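Report on the structure given below.
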Amino acid sequence: MASGDRKYITPTHELGDAPYRWNWEAPIMLSSHNQDIVYFGSNKFHRSMNQGSEFETLSGDLTNGGKKGDVSYGTLTTISESPLRFGLIYTGSDDGLIHVSKDVGQTWMNISSGLPKDFWVSQVQASNHVEGRVYASLNGYRWDNFEAMVYVSNDYGKTWTSISNNLPKEPVNVVKEDPKNENIIYVGTDHGAYVSLDKGKSYMAFAKDLPAVAIHDLVIHPRENDLILGSHGRSIFVADVSALQQLPETSDAVKIFSSEGATFSDRWGNVGYYWGGPYEPSTTFEVYTKSSGKGKISISMDDTILKEWEVKLDAGINYINYDFTIEESSSTSLKEQLELEEEIVAKENGSYYLQVGDYTVTVTMSNDEGKSKLSIKAPRERPKRKGSK
């Protein structure tokens with residue numbers, strides 16, 4: 001709160017009713033349609049219309065019922081509301097039930113038929129792109145079942161299809177659909193994170209820089225296009241997935257995404273001060289390939305190749321650094337194409353650099369290639385000081 005005050009909010013059962021059963025990590029969420037609305041799950045579904053000051057219970061028991069013991073069982077574990085339709089809500093429980101309400105929680109339907117029975121529903125997520133689509137992940141490690149279980153329904157849960165496919169035998173904790181590209185699905189398991197670029201037909205592991213650690217939750221930042229992973233005891237990991245989001249439904253064998261380019265500077269390759277090194281700019285090309293192998297990257301203007309080099313490409317997204325340099329033998333050709341009056345000369349570090357203009361970046365792998373534009377912009381002229389000529 002703005003005042004710094006804090007308030008404890010929780011639904012309370014009516015006098016004479018059985019107490020609610022709460023999961024250790026009870027699901028709570030704000031409605032994406034109205035931030036004053038809070039949804040909360042015990043073994044029943046609760047809603048507040050005033051930021052948690054008051055709750056009303058909108059369902060009966062959405063589980064198979066509790067069991068005696070020191071830890072609550074028969075509890076809700078996940079809640080999801082469709083971002084496309086207010087009041088289209090899904091719940092999942094620790095004993096294998098998934099329910100849907102299409103009328104803001106007034107009536108509920110059990111949609112667990114067709115799914116493995118009794119397993120912990122670790123995640124249910126309404127689609128960002130299709131109203132009737134919903135994803136669910138089940139976790140069976142508590143029953144000594146370590147199969148990956150990820151499912152999708154396109155009819156509000158009436159029928160389910162497995163999209164686990166080539167996922168390894170690892171219990172699944174979370175599944176999320178990309179908010180900008182419906183073909184991309186992210187999965188977090190007890191041993192890492194995976195991504196599918198084809199709606200779950202196949203998956204690739206997020207392996208580089210991500211340890212083999214349990215991923216318990218993930219979110220895609222809607223503005224920054226970052227994938228944020230919450231791990232078990234190894235902190236939070238963040239990855240830029242903007243390149244993935246640009247992939248079409250049927251990806252080319254090779255694709256290079258647009259580069260930011262640069263603003264030209266006479267300082268490139270020169271030493272700025274006595275004790276410093278030369279200023280060497282760089283950019284990063286994001287390259288997608290369906291398979292691994294050797295490839296080539298070339299920088300060209302029209303049909304003239306100014307620089308070309310070999311790279312090792314792995315299946316998935318590759319990040320290739322480029323320092324805006326060209327071959328010495330290409331400097332004369334570039335001067336003529338740009339109709340420059342002066343020669344392009346080597347800088348203090350011995351390198352020749354691209355000049356102001358538009359270039360083509362080509363990635364070639366076997367018989368496949370991808371192209372993108374690279375622009376070097378002219379620097380803005382500094383305003384003259386008063387009295388200067």
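Before we move on, is VAL134 of a type outside the set (D, E, K, R) and over 17 Å from the mean Cα position of the chain (by Cα)? Explain how you work it out, then say what you get.
On the way: of a type outside the set (D, E, K, R): yes; over 17 Å from the mean Cα position of the chain (by Cα): yes.
When the stated conditions are applied, VAL134 passes them.
Let's see how each residue does on (1) farther than 30 Å from LYS180 by Cβ; (2) among the charged types (D, E, K, R); (3) more than 27 Å from the chain's Cα centre (by Cα):
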residue: ILE28; (1), (2), (3): no, no, no
residue: TYR39; (1), (2), (3): no, no, no
residue: ARG47; (1), (2), (3): no, yes, yes
residue: SER59; (1), (2), (3): yes, no, yes
residue: LYS68; (1), (2), (3): yes, yes, yes
residue: GLY87; (1), (2), (3): no, no, no
residue: TYR90; (1), (2), (3): no, no, no
residue: ASN110; (1), (2), (3): yes, no, yes
residue: SER113; (1), (2), (3): yes, no, yes
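If I ask for residues that are in a strand (DSSP E or B) and free of Cβ contacts under 8 Å to residues at least 24 places away in the same chain, which ones from the stretch 146-190 would you list? Don't jump to the end; show me each part of the working.
So the first thing to find is which residues in the stretch 146-190 are in a strand (DSSP E or B), and the list is 149-153, 161-162, 172-177, 185-189.
Correct list: THR161, SER162.
Results for (1) surrounded by fewer than 12 Cβ atoms within 10 Å (Cβ to Cβ); (2) within 19 Å of GLU260 (Cβ to Cβ), shown as yes or no for each residue.
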{"site": "TRP275", "(1), (2)": "yes, no"}
{"site": "VAL287", "(1), (2)": "no, yes"}
{"site": "ASP314", "(1), (2)": "no, no"}
{"site": "GLU343", "(1), (2)": "yes, no"}
{"site": "ALA346", "(1), (2)": "no, no"}
{"site": "ASN367", "(1), (2)": "yes, no"}
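Go through the stretch 271-367 and tell me which strands (runs of 3 or more DSSP E), entirely inside it, have 2 or more residues that are among the small types (Gly, Ala, Ser). First the steps, then the outcome.
Details: elements: 283-289, 293-301, 304-313, 316-322, 357-365.
Result: 293-301.
Condition check ((1) free of Cβ contacts under 8 Å to residues at least 40 places away in the same chain; (2) in a loop (DSSP other than H, G, I, E, B); (3) under 23 Å from SER153 (Cα atoms)) across all residues:
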position	(1), (2), (3)
ASN23	no, yes, no
ASP36	yes, yes, no
GLY60	no, yes, no
LYS68	yes, yes, no
GLY74	no, yes, no
LEU84	no, yes, yes
Q. Considering only the stretch 214-225, how many residues are surrounded by 15 or more Cβ atoms within 10 Å (Cβ to Cβ), out of contact with any Leu (no Cβ under 6 Å at 6 or more places or on another chain) and either at pLDDT 95 or above or not in a loop (DSSP other than H, G, I, E, B) (or both)?
A. 3
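Name every residue in the stretch 305-328 that is farther than 30 Å from LEU244 by Cα and either in the same structural domain as VAL241 (by TED's automatic domain parsing) or at pLDDT below 95 (or both), in order of residue number. It would help to see each step written out before you state the result.
Start the filter on the stretch 305-328 by keeping residues that are farther than 30 Å from LEU244 by Cα, which leaves 327-328.
Once the filter is applied, which keeps residues that are farther than 30 Å from LEU244 by Cα and either in the same structural domain as VAL241 (by TED's automatic domain parsing) or at pLDDT below 95 (or both), the stretch 305-328 yields nothing.
The rows are residues; the columns are (1) within 21 Å of HIS46 (Cα to Cα); (2) buried (at least 20 other Cβ atoms within 10 Å of the Cβ); (3) touching a strand residue (DSSP E or B) at 6+ places or on another chain (Cβ under 9 Å).
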site: GLY69; (1), (2), (3): no, no, no
site: THR107; (1), (2), (3): yes, no, yes
site: VAL121; (1), (2), (3): yes, yes, yes
site: VAL124; (1), (2), (3): yes, yes, yes
site: HIS129; (1), (2), (3): no, no, yes
site: ASP144; (1), (2), (3): no, no, no
site: TYR151; (1), (2), (3): no, yes, yes
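The values are calculated or read from the model by the stated rules, or taken from the named source; none is laboratory data. All values reported here derive from a predicted model rather than from experimental measurement. Using ideal geometry, Cβ is built from the backbone for each residue, glycine included, and neighbour counts are taken over all protein chains shown.
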